[in-house]
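Note sheet for the following structure.
The values are calculated or read from the model by the stated rules, or taken from the named source; none is laboratory data. The structure presented is a predicted model; accordingly, all values stated were derived computationally and were not measured. Cβ placement follows ideal geometry from the backbone for every residue including glycine, while neighbour counts extend to all protein chains displayed.
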Amino acid sequence: VEALKIGPYTDEGADYGPVVTKAAKEKILGLVEKGVQEGAELVVDGRNFRMQGYEDGFFVGSCLFDRVTPEMDIYKQEIFGPVLSVVRAKDYEEALSLPAKHEYGNGVAIYTRDGDAARDFASRVPVGMIGVNVPIPTPLAYHSFGGWKRSVFGDLNQHGPDAIKFWTRTKTVTSRWPSGIKSGAEFSMPVMR
């Protein structure tokens, strides 16, 4: 998270750019502050990020929270900014219940070496976009894009076959499987290189 490069839209090497408005920046920073106040552990703090030459821009530095609980505002709200919240679950069923109980259903990812768990998760989780061993897929024209529950907007998803499948509820599952490892557990989030 600390290594993500922030830049203006003209910087093709940037991982992300500014948020859309001053109000959006203020809302994101307010939610980060609220997360700290509510007891989440702010592992990476991007609140004081300033981009040289763009000091009045709507840039927000990357933030990473750990030990987030479902009672916290940073868990309850869709932040729409560069903030990642880690919620720990004691087992698979509890982890599956978290997005199922949440009022929003935009996107979620699972990292596993267990194909049964991945298929079960993808079929049972009530969310519009699902990544398996990849972050939530970036919306492309050939993927449907949009959430479920309170994350939905409009009558159709933004892209994909929804123009034809007006009454179909779609779910996109993107998977990548590591090979050659059949035992043991890893508790660190893999990164794409």
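With the structure loaded, tell me whether Pro82 is at pLDDT 95 or above, surrounded by 13 or more Cβ atoms within 10 Å (Cβ to Cβ) and at negative phi or whether it fails that test. Explain how you work it out, then say what you get.
Values: at pLDDT 95 or above: yes; surrounded by 13 or more Cβ atoms within 10 Å (Cβ to Cβ): yes; at negative phi: yes.
Judged against the criteria, Pro82 is a match.
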Task: Failed criterion for Val127 (all others in (1) modelled with pLDDT of 90 or more; (2) farther than 30 Å from Asn48 by Cα hold) - done: (1)
TODO: For the range 96-133, enumerate the residues that are touching a strand residue (DSSP E or B) at 6+ places or on another chain (Cβ under 8 Å), of a type in the set (A, V, I, L, M, F, W, C) and surrounded by fewer than 16 Cβ atoms within 10 Å (Cβ to Cβ).
DONE: Ala117
- [ ] Scan the range 54-76 and give yes if some residue there is loosely packed, with under 14 Cβ neighbours inside 10 Å, farther than 26 Å from Val127 by Cα and of a type outside the set (A, V, I, L, M), otherwise no.
- [x] yes
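Yes/no per residue for (1) at pLDDT below 95; (2) farther than 21 Å from Ile130 by Cβ; (3) of a type in the set (Gly, Ala, Ser):
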position: Leu29; (1), (2), (3): no, yes, no
position: Gln52; (1), (2), (3): yes, yes, no
position: Phe65; (1), (2), (3): no, yes, no
position: Tyr75; (1), (2), (3): no, no, no
position: Glu103; (1), (2), (3): yes, no, no
position: Ile110; (1), (2), (3): yes, no, no
- [ ] Quickly run through the range 93-119 and pick out the residues that are without any contact (Cβ under 8 Å) to a residue 24 or more places away in the chain and more than 23 Å from Met72 (Cβ to Cβ).
- [x] Thr112, Asp114, Asp116, Arg119
Open item on the list: For the range 1-23: of the residues being over 17 Å from the mean Cα position of the chain (by Cα) and aliphatic (A, V, I, L, M), which is surrounded by the most Cβ atoms within 10 Å (Cβ to Cβ)?
Closed with: Ile6
